[in-house]
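K.L.:
Structure provided below as structure tokens; questions to follow.
The values are calculated or read from the model by the stated rules, or taken from the named source; none is laboratory data. Since we're looking at a predicted model, the values are computed, not measured. Note: ideal-geometry Cβ built from the backbone for every residue, glycine included; neighbour counts use all protein chains shown. Quick note on the areas: whole protein, heavy atoms, side chains included, nothing else; ligands and nucleic acids left out. Shrake-Rupley method; radii C 1.70, N 1.55, O 1.52, S 1.80 Å.
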Amino acid sequence: MPKTIPIIITNDKILVKEKDSDKFVIYSADGIIDEPNIPFYHQFAKKISESQFYFKDFMRKLYGKKVNKYVLAIIVPDDTSALEQIFIKEFFLHSDTCKAVAQTTMAQILTKDYARYISVSRSHRNIILQYIDGGEILAQKLYDTDSYDASQIIEDAKRIHIDVEYSEVPIFINNFNMNMDDFSDKGYVVSTKELLDKIANVHIEKE
């Protein structure tokens, strides 16, 4: 089985696990400008070859010249669209830094203790409410970060899917970006450290 390199795409940066530890280091791309409601990696498309070259250089310094023998396990924000997921996959797959790409959202790895649960998280664009069953996202609802009611979102969680309406399902609050104070009493809060520990040892089926 090929070795895996966990990579996290956050709201504003890329984190890559170090080769010989569970620590993550930041990959900083030059020339990235903060644009409201637009994920930073969209800007890679403007200079795709250059962006891939610098990422490859960064990865070779971390993992050596044989980095392209690894599988990249990429964790993306919960509101990443299908088109964005395709772009992310193609960007990394053609950067000559891996043999394959596996991709999942943060919500899908929040817990291994429950097969069925509710996830609440926040990106630059949205508050994301999701129902997860067996690692699959079965229902999702998005809320504008500028106009939402935390209590109403939790009420909506009770009706997000028919399975939830007739049984108790635990609620997990993804506080990876430390921006979920409004939900601190609404469910089990998953801290940055807890998520980093989970992701450092994550295994995802390659696509």
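K.L.:
Quick check: the distance between the Cα centres of region 30-66 and region 133-167, to the nearest angstrom?
P.N.:
Result: 33 Å between the Cα centres.
K.L.:
How many percent of DSSP beta bridges within region 82-207 run antiparallel, rounded to 5?
P.N.:
For region 82-207, the DSSP antiparallel bridge percentage is about 70.
K.L.:
What does the convex hull of the Cα atoms come to per residue for region 115-207, in Å³? Before the final figure, lay out each step's value.
P.N.:
Working: hull volume 10.5 nm³, N = 93.
Convex hull of Cα atoms, per residue: 113 Å³.
K.L.:
For region 101-117, what does the Karplus curve 6.51 cos²θ - 1.76 cosθ + 1.60, with θ = phi - 60°, yield as ³J(HN,Hα) per residue in whole Hz, taken in order and with x for Gly and Pro?
P.N.:
10, 10, 9, 8, 9, 4, 4, 6, 10, 4, 8, 10, 7, 10, 6, 10, 6
K.L.:
Run the 1.4 Å probe and let me know the accessible area of E136, rounded to the nearest 10 Å².
P.N.:
For E136, the solvent-accessible surface is approximately 110 Å².
K.L.:
Using amide H atoms built 1.01 Å from N in the peptide plane, name the residues 5+ places from R116, or on other chains, whose amide H lies under 5 Å from its own.
P.N.:
G134
K.L.:
Using the Karplus curve 6.51 cos²θ - 1.76 cosθ + 1.60 with θ = phi - 60°, work out ³J(HN,Hα) for each residue of region 121-127 in order, rounded to whole Hz, and write x for Gly and Pro.
P.N.:
Couplings: 9, 9, 10, 5, 9, 9, 8 Hz.
K.L.:
Suppose R0 equals 30 Å; then what is the FRET efficiency for I26 and L138 from their Cβ-Cβ distance, rounded to the nearest 0.05?
P.N.:
That pair, I26 with L138, gives E of 0.35.
K.L.:
Over the Cα atoms of the chain, each weighted equally, I'd like the Debye log10 I(q)/I(0) at q = 0.12, 0.17 Å⁻¹, rounded to two decimals.
P.N.:
-0.63, -1.18
K.L.:
With runs of 4+ DSSP H residues as the only contributors, calculate the mean residue ellipticity of the chain at 222 nm using -39,500 (n - 2.57) per run, divided by the residue total and rounded to the nearest 500.
P.N.:
For the chain, the value works out to -7000 deg cm²/dmol.
K.L.:
Just tell me which lysines come within less than 20 Å, Cα to Cα, of K66; anything on the same chain fewer than 8 places away is out.
P.N.:
Filter leaves K3, K17, K19, K56, K89, K99, K206.
K.L.:
Ok, one more. Could you pull the Rg and Dmax for region 1-123, using just the Cα atoms, both in Å?
P.N.:
Cα only, region 1-123: 14.6, 42 Å (Rg, Dmax).
K.L.:
Modelling each spin label as a point 7 Å along the Cα-to-Cβ direction, I'd like the S81/S184 distance in nm, to one decimal.
P.N.:
According to this spin-label approximation, the distance is 3.5 nm.
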